[in-house]
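The values are calculated or read from the model by the stated rules, or taken from the named source; none is laboratory data. Predicted model, so just to flag it, every value in this text is computed and none were measured. Every residue, glycine among them, receives a Cβ derived from its backbone with ideal geometry; neighbour counts consider all protein chains shown. Note: accessible area is taken over every heavy atom of the protein model, side chains too, but ligands, DNA and RNA are not part of it. Shrake-Rupley method; radii C 1.70, N 1.55, O 1.52, S 1.80 Å.
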Amino acid sequence: MADGTFRTLAVVGAGNMGSGIAQKMASEGFAVILVDVDDEKVRRGVRGIEQTLADGVARKLFTAEQVTGILSRVRGTTRFEDLADADLVVEAVFEDLGVKREVFTRLEQVCRRDAILATNTSSFAVGDLAGGRRFPERVIGLHYFYHPAKNRLVEVVGGPQSSVAALARAWALQEQLGKTPIRSKDSCGFIVNRFFGPWLAEAVRILDERVADIPTIEAAAKQAFGIGMGPFELMNVTGIPIAVHTDDTLGAAFGPLHATPDRLRRQFESGRPWDLSGEPDPSRFEAVADRLAGIVFYIASALVDEGVGTIEDTDIGARVGLRWRAGPFELINRFGLPRAKALVEDVARRWTAPVPPLFLRQAASGKPFAFTLVRRQDADGIATLTIERPDALNALNEAVMAQLTAAFRAAASDPAVNGIVLAGSGKAFVAGADIRFFVKNIEAKNIPKIYEFTRAGQELLLEFQRCRKPVVARVHGLALGGGVEMALACHYIVATPKATFAFPETGIGIYPGLGGTQRTTARVGRGLAKWLVLSGETVTAEQALAIGLVDRVVPYEQLDATIRECVAKGPVLERTPHAVPESFRDIAGRYESADIESLRASEKRIGFKAPVALRIASDLIDRGEGKPIEQGIAMELSDLEEIFSTNDAYEGLSSLGKRRPVFTGT
Ligand SMILES: NC(=O)c1ccc[n+]([C@@H]2O[C@H](COP(=O)([O-])OP(=O)(O)OC[C@H]3O[C@@H](n4cnc5c(N)ncnc54)[C@H](O)[C@@H]3O)[C@@H](O)[C@H]2O)c1
C-alpha cells in the first residue's frame with residue numbers, strides 16, 4: 001500500500017454488521033478477508049452475504065454473474081495470520097471493550113505497520129481502543145449503519161491520536177465504496193446516535209406521561225420526520241435491547257437528559273415488543289411532534305457546540321443514516337426559530353440544563369441556519385471545491401450555485417491558488433439541476449426565475465472556461481445533465497472508471513441549457529454531440545475517453561496525481577473536436593446527417609423523447625457549430641422561455657422518478 005492503494009481489505013467479526021461491510025467491499029471490487037472465531041460463524045457470515053445478494057438478484061439489483069464475482073472476492077477464515085497483507089481492517093466484533101481490545105492486540109501482531117485499523121464500535125471511544133498501542137495514529141473509527149451494504153452513511157471518527165493521513169485515506173476508501181461519509185469527533189454516540197437514542201427515549205416518555213398513546217406517537221413521528229416507521233415500530237424491528245444499550249451509554253456520558261427512561265427499561269425486561277395497535281388521535285399530533293423535535297433540536301445544537309460534528313454533517317447523518325426527510329437543522333428552519341426556541345427552552349427547563357449557546361446565538365441573529373453546501377479545501381496550491389449534497393446526488397439548486405459562484409471567484413482571485421478542482425461528494429459528481437426548482441417555478445408561472453438561474457449558471461461556467469488558472473473536473477460517479485455541462489466548461493475532465501455521463505434532458509421535456517448543446521460539439525464533434533444530447537444515452541468512462549468527452553480516466557487512487565499533472569499543464573483555451581473513433585463513426589454519421597423526423601423513425605430511444613425539446617436541441621447544435629461559445633449559450637437562453645412553457649416540460653419534469661412521461665408535442 002506504499003502508493004496509497006487499497007488492495008486487500010479485512011473485516012473481523014462476521015455477524016450482522018461485519019458480513020454486510022464485507023459484502024459492500026467485495027461488491028465494489030475489493031478482495032476482502034472475513035474473520036470470525038470458528039468455521040461455523042464464518043460460514044454463517046458468508047451465508048448471510050449470499051442470502052442478501054440472492055435477494056438483490058431477485059430484485060434485479062445484481063446479475064447472477066456479478067454475484068459470483070462478488071462472492072469470489074470474499075475469503076472467510078478463522079486465522080488472524082491471514083491478515084498480514086490487509087491494507088485496512090474493520091473490527092466489528094461484539095460490543096465488549098475487553099473483546100475488542102484483544103482483537104486490536106492480535107491485529108497489531110499480525111498486520112503490516114502501515115495498515116489502518118478501524119473499529120465499528122457504537123458506544124466505546126476510539127481512544128479506548130487506540131490507547132497503549134504501539135502505533136495509535138493508525139487507529140480510527142468507521143461507524144457504519146445497519147444494513148451496511150445498503151445504508152450509505154458512515155461516520156469517520158478520529159480518536160485523540162488518529163493521524164490526519166489515516167483519516168484521509170479511510171475517507172477516500174469510503175468514497176470508493178460509494179458510501180456517504182461524515183466526520184465525527186470521538187464522542188459518545190458520535191453524531192447520529194447522540195440524538196437518535198434520546199429521540200427514541202423521548203417517544204417512550206411521551207407515552208409514559210400520557211401525552212399520547214403509541215399509535216398516535218407513531219403517526220405523528222412519521223408525519224413530522226417524514227419516515228416510514230415510527231420510534232416504537234423501529235425499536236421492535238431493531239431490538240429494544242439496542243435502544244436501552246444506546247441510552248444507557250449516552251446517559252453515563254452526558255447525564256439524565258440522554259438516559260434510559262424507566263418505562264423503556266421495563267419494556268426491555270418484559271421481553272415483549274411494543275404493542276402498536278390502535279387508532280391514532282390527530283388532535284395530539286402537534287404536541288407529540290413538538291416534544292420529539294424539541295429533544296432533537298436541543299441535542300443537535302449541543303453536539304455541534306461541542307465540536308462533535310457540523311450542522312451539515314448532522315443533517316446528512318439524519319437524512320442518509322436514519323432516512324429522515326430533513327435533518328435537525330433544516331427542521332429547525334422549517335419550524336421557524338421562534339417556535340424551535342420555545343421547544344428547546346422547554347427541554348432546558350424540564351432537565352434544568354442550559355440552552356446550547358449555538359442555539360441562543362442563532363435565535364438572537366433572527367436568521368435561519370445557513371448550510372455550507374460547497375466546501376473548499378486547499379493543498380499544494382490547488383483549491384478543491386466539493387459540492388456536498390450527497391443524498392441529492394449534488395444536484396444544483398440556487399443555494400449550491402450561489403455558494404459555488406462565491407467559492408470559485410474567491411479561489412480564482414486567490415494568489416496562493418494555482419489550480420481549481422470541482423468535485424462532488426459521495427457516489428455522484430453532479431446529477432444536474434435540481435428538478436424540484438423547475439417544477440416549483442413552472443407551477444408558480446415564474447419562468448423568469450428559471451431564466452435567471454440558467455443565465456447565472458451560464459455566466460459561472462463561462463468563468464470556468466475563461467479562467468487563467470487551470471480548472472479541472474474530478475468526476476467519480478454519476479454526471480448527468482448540468483453536471484456534464486459543468487465538467488465540459490472546465491479545462492480538463494479527469495474521471496474514474498466508475499464515472500458515467502448522460503444528458504437526460506430531452507427525456508424530461510427540456511434541453512441542456514448550460515452550454516451542453518455547444519461545448520459537447522467542441523469536444524466530440526456535431527454527430528456525437530447530437531447522439532449524446534438527443535438520445536440521452538449513458539456513456540461509460542471508457543466510452544467517454546474514446547470519443548474525447550473526457551481527457552483522462554484513471555483509477556481512483558491516481559485521481560489527485562493526475563489532476564496535479566493537468567494543473568501543471570495550464571488552462572486549455574482552444575479546443576478542436578476529438579476525431580470520431582472507428583467504432584462510433586456509424587452512429588456519428590447517422591445523427592449528423594439525419595433530421596429529427598427521420599431520427600424519430602429510425603432510433604427507438606428517440607421515440608420516447610419530447611418532440612419540441614428534440615427539435616430545439618438539434619437546431620441549437622446545428623446552429624452553434626463553429627460559433628464562439630458566448631453566441632452559442634445566448635441561443636440556448638433565447639429558447640428557454642419557449643421550452644419551459646411547453647406542456648411536455650411540465651409533464652417530463654414532474655413525472656421524473658414516478659412514471660414514464662407521456663409527451664404530446666405541445
Ligand atoms: N447492529 C447494529 O445495528 C450496529 C450498528 C452500528 C455498529 N454496530 C457495532 O458493530 C459491532 C458488531 O455488531 P453486530 O450487530 O454485527 O454483532 P453480532 O453479534 O451480530 O456479530 C459479532 C460477531 O463477532 C464475532 N466475534 C466475537 N469475538 C470475536 C473475535 N475475538 N474475533 C473474531 N470474531 C469475533 C462473533 O462470533 C460474531 O459473529 C458492535 O461493535 C456493534 O456495536 C452495530
Between residue 625 and residue 97, the two model label points (7 Å from Cα along the beta-carbon direction) sit apart by a distance in nm of 7.3 nm
To the nearest 20 debye, the stretch 10-146 has a Cα-centred charge dipole, built from +1 on Lys and Arg Cβ and -1 on Asp and Glu Cβ, of 140 debye
Spelling it out for residue 281: with amide H atoms placed in the peptide plane at 1.01 Å from N, the residues 5 or more places away or on another chain with amide H under 5 Å from its amide H are 216
Rounded to the nearest Å, the spacing of the alpha-carbon centers of the stretch 108-177 and the stretch 401-443 is 30 Å
A 1.4 Å probe over the protein heavy atoms gives the stretch 312-374 a carbon and sulfur accessible-area percentage of 57 percent
Computed ³J(HN,Hα) along the stretch 28-38: with the Karplus parameters 6.51/-1.76/1.60, θ = phi - 60°, integer Hz and x for glycine or proline, the list is 8, x, 8, 6, 10, 9, 10, 10, 9, 6, 9
Taking a straight Cα-to-Cα line shorter than 20 Å from residue 41, and setting aside same-chain aspartates and glutamates fewer than 8 residues away, one finds 50, 81, 82, 91, 95, 96, 102
In this structure, among 179/341; 100/185; 530/609; 440/530, pairs with alpha-carbon gaps over 25 Å are 179/341; 440/530
So for the stretch 571-649, using the alpha carbon gyration tensor with a ≥ b ≥ c as root eigenvalues (a/c under 1.5 gives rounded; past that, a/b versus b/c decides prolate or oblate), I'd call it oblate
Quick calc, residue 468 & residue 660: beta-carbon distance into FRET formula, R0 41 Å, rounding 0.05, result 0.35
For the pair residue 38 and residue 265, the simple spin-label estimate (label points 7 Å beyond Cα toward Cβ) gives in nm 3.5 nm
In the stretch 158-249 the accessible area split gives carbon plus sulfur, as whole percent at 1.4 Å, a share of 58 percent
From the Cα centre of the stretch 581-658 to that of the stretch 239-292, the distance in Å is 55 Å
In deg cm²/dmol, rounded to the nearest 500, the helical mean residue ellipticity at 222 nm of the chain, built from -39500 (n - 2.57) for every DSSP H run of length 4 or more, is -15500 deg cm²/dmol
Sorted largest first, the C-alpha extents of the stretch 279-435 along its principal axes in whole angstrom are 57, 36, 24
Taking a ≥ b ≥ c as the square roots of the Cα gyration tensor eigenvalues, with a/c under 1.5 meaning rounded and otherwise prolate when a/b beats b/c or oblate if not, the stretch 154-208 comes out oblate
Here P(r) for the chain, Cα-Cα distances in 20 Å bins, as whole percents, is 17, 46, 32, 4
In the stretch 100-204 the DSSP beta bridges are antiparallel at a rate, in percent to nearest 5, of 35 percent
Sorted by chain and then number, the residues having a modelled amide H within less than 5 Å of the amide H of residue 397, at least 5 places away or on another chain, are 434
From the cross-link list 60/658; 498/569; 569/627, the entries with a Cα-Cα span beyond 20 Å are 498/569; 569/627
Given a 1.4 Å probe, the accessible area of the chain per residue, as a whole number of Å², is 41 Å²
Among beta bridges assigned by DSSP with both residues in the chain, the antiparallel ones amount in percent, to the nearest 5, to 20 percent
To the nearest 10 degrees, the tilt of helix 611-624 (Cα long axis) against the first principal axis of the alpha carbons of the chain is 60 degrees
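Share of Cα-Cα pairs in the stretch 16-165 beyond 20 Å, in percent?
Value for the stretch 16-165 (Cα pairs over 20 Å): 48 percent.
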Interchain or sequence-distant (5+) residues whose placed amide H lies within less than 5 Å of the amide H of residue 429 are 476, 478, 479
Rounded to whole angstrom, the alpha-carbon centroid of the stretch 23-76 lies from that of the stretch 462-529 at a distance of 36 Å
Counting only protein heavy atoms with a 1.4 Å probe and every protein chain in place, the carbon and sulfur fraction of the accessible surface of the stretch 427-557 in whole percent equals 55 percent
